[in-house]
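The structure appears right after this line, and notes come after that.
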Amino acid sequence: MQYDVIIIGGGIGGLTAGAVLSKKGKKVLLLEQHFIVGGAATIFKRKDINLEVGLHEMDFGKYGYDVKHDLFNFLELNKRVEFVSLPETWQVVDNNISYKVPEGIKEAEEYLISQFPHETKGIKKYFKKMKRAAFAFGRLPYDMNFFEFLIYPLVKFPFVVKYFFDQRSTGEVLDSLFKDDKLKRLLNANLVYFHDNPYEFSWHYHALAQYNYYNGAKFIKGGSYSLSKALADIITENGGTVETMCNVDKVLVENGKAYGVSYTNKRTKEVVEVTSDYVIANCAPENLYTSMVDEKYNDTSLEKFEESVSLYTVYLVFKENLENIYKNHAYSTFICQNDYDKPFSQMNGSMKNTPIEDRGFVFVDYGRIDSGLAIKEDEKRAVGVFCSASYLSEWENLSKEEYMAKKNKLVEDLFIRAEKYFPNLEDHVEYFEVSTPKTIKRYMKTPSGTAYGYKNNHYLRKGRVPRFSRTIKNLLFTGAYAFPGGGFTGALISGYMAAMNLIEPLRIHIIRRLIITTIICIGISTAYKWIPALLSLLK
């Protein structure tokens, strides 16, 4: 069969690309190797209640500061998915300190100033810098109307150029703004959602994500699979096809140009070959170049990229909603272990250097919001997770017995550490299950078991696989490994940009609009000459 576009992988990036393309009139085939689409954006059922696989909260700022608005408006996702606001940004506890940062830019800034009055000047500057970055990248050129595009070179483009060359780390910027180590650690409370070292983590990724966390973080009601299913439905409703349990074996390439794929239907064991004008890969580039195409097409430039930190997650089912037990606790509570007594500079290094049982972790209680994860209407129970940084090397060479013992020991240590802030928490647990980087590798096929793709050490295209393959024509990448990469927002935007680039490459779009803009500007500037001549001609 012939398609306009074949998409390898049904993660959020691939689903978004497929939804946009199908709505633009393209004939799309999406192939997912798992029995359900979504990748890390999904749910699973245990003890008659749904557990969220990957989403704790999604940054979702105001219009003009968050690209997702234009994407969601185009796909009309607000009619299909309900976004739930969070009660606060997050809480951090460690020894005798407790900070609960409120939701909202103004509220968060005022709260931080009240806690660190000696850093008032730096805090104000911090929020201004984040706002500037979010504004500069808040809309794609594809989504700008004529007036916005006309003023873009004056208003936003200088910042884009500056950010391309100004590749500073989050640690460097925070050191330049603040002296208080506790404040710097607080501003990096959720670092594990992006990286494991603030002195490597790009400041611009930090600025965009954090600004939009403060500005309106959301949870997707029913879990992240609600979003994945909505995107898959858009594909099929617009004439596309979504196939699960289909493993792509080969990208078909002739004369350096992709023209389709060969895949195995794991249900029927049938090997199928389909052709297309373009192929979009929503998978790890290493997997594609090493196992899906001939060795001569390998892109050696990707060897400079390093895969990002991964996570362990302990999924928890509680016997009752914890709101009835712990009053005024936060939705997300980051539990540290003497970290806030240490200099911020000690964070300059991989979390591998800290034993897994000593790493800070987050406790997310989905019962604090109307999460929609319940299956029964009269459900009294709730669910939550423990989550923190981890690495495949910590789990992959263990025997089955050693693996299970290490997971159980980890959970035991976490309950002991949580006990100080949530007394007798373990007594309220009906069921728990542990996911490790080994689990992520098994389900998502990423080489190092990470869901984040490459490390966010550099901004713009300096730190990501090129959207168009350097070695194979008509092959594009999307997802965590492509720009902007990592996390729900990064994957969504990467899919949107891949689809729009396929329809009209960005540079062609910009050149065309620049030509039109130039012609109009020349016309306006010379109006005093040609308007009288035109009026004279009409007489």
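Laboratory data are not the source of any read-out in this text; all were calculated from the coordinates shown. All figures in this text were calculated on a predicted structure; none of them were measured in a lab. Virtual Cβ from ideal backbone geometry, glycine too; neighbours counted across all protein chains shown.
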- Calculate, for Ser350 and Leu514, the FRET efficiency according to 1/(1 + (r/R0)^6) with r their C-beta to C-beta distance and R0 35 Å; round to the nearest 0.05. 0.20
- Query: Is the shape of region 1-158 rounded, prolate or oblate, going by the alpha carbon gyration tensor and its root eigenvalues a ≥ b ≥ c, with a/c under 1.5 for rounded and a/b larger than b/c for prolate?
  - Reply: oblate
- Neighbour-count order for Leu183, Leu534, Leu392, fewest beta carbons within 10 angstrom listed first: Leu534, Leu392, Leu183
- Which length gain, in nm to one decimal place, applies between Lys380 and Ile97 when the Cα-Cα distance is subtracted from 0.36 nm times their residue separation? 98.7 nm
- Query: What do you get for Rg/Rh over region 318-435 if you use C-alpha atoms and the Kirkwood form of Rh?
  - Reply: 1.00
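With viscosity set to 1.567 mPa s and temperature to 4 °C, compute the Stokes-Einstein D of the chain, Rh being the Kirkwood radius across alpha carbon pairs; µm²/s, no decimals.
The calculation lands on 53 µm²/s.
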- Message: Let me understand region 95-240 better: what is its radius of gyration from the alpha carbons, and its Dmax, in angstrom?
- Response: 18.4, 59
- Item | Over region 427-469: Rg over Rh, Cα atoms, Kirkwood Rh | 1.23
- Message: Show me the three semi-axes of the equivalent ellipsoid for region 410-539, from the C-alpha gyration tensor (sqrt of 5 times each eigenvalue), largest first, rounded to whole Å.
- Response: 56, 21, 12
- Between Arg46 and Glu303, the two model label points (7 Å from Cα along the beta-carbon direction) sit apart by a distance in nm of 4.1
- Note on the structure: Which residues qualify? For Ala281, with a placed amide H closer than 5 Å and at least 5 residues away or on another chain, they are Ile8, Leu476, Phe477, Thr478
- Task: Counting other beta carbons within 10 Å of each Cβ, put Lys131, Lys296, Lys162, Lys68 in order, fewest first.
- Result: Lys296, Lys162, Lys131, Lys68
- Hey, got the Cα dimensions of region 276-356 along the principal axes, in Å, largest first? 60, 37, 20
- List the longest stretch of the chain that has no exposed loop site; here a site is one of the GluC sites (Glu not before Pro) assigned by DSSP to anything other than H, G, I, E or B, with at most 16 other Cβ within 10 Å. 83-269
- Note on the structure: A correct Karplus calculation of ³J(HN,Hα) over region 135-149, with 6.51 cos²θ - 1.76 cosθ + 1.60, θ = phi - 60°, whole Hz and x for Gly and Pro, returns 5, 4, 10, x, 9, 7, x, 4, 9, 7, 6, 4, 5, 4, 5
- For Ser390, list long-range residues whose amide hydrogen, built 1.01 Å from N in the peptide plane, is under 5 Å from its own amide hydrogen. Ser310, Leu311, Tyr312
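What do you get for trypsin sites (Lys or Arg not before Pro) in region 2-67 restricted to DSSP loop and a cutoff of at most 14 other Cβ within 10 Å of the site's Cβ?
Lys47, Lys62
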- If Leu75, Leu31, Leu398 are placed from fewest to most neighbouring beta carbons inside 10 Å, the sequence is Leu398, Leu75, Leu31
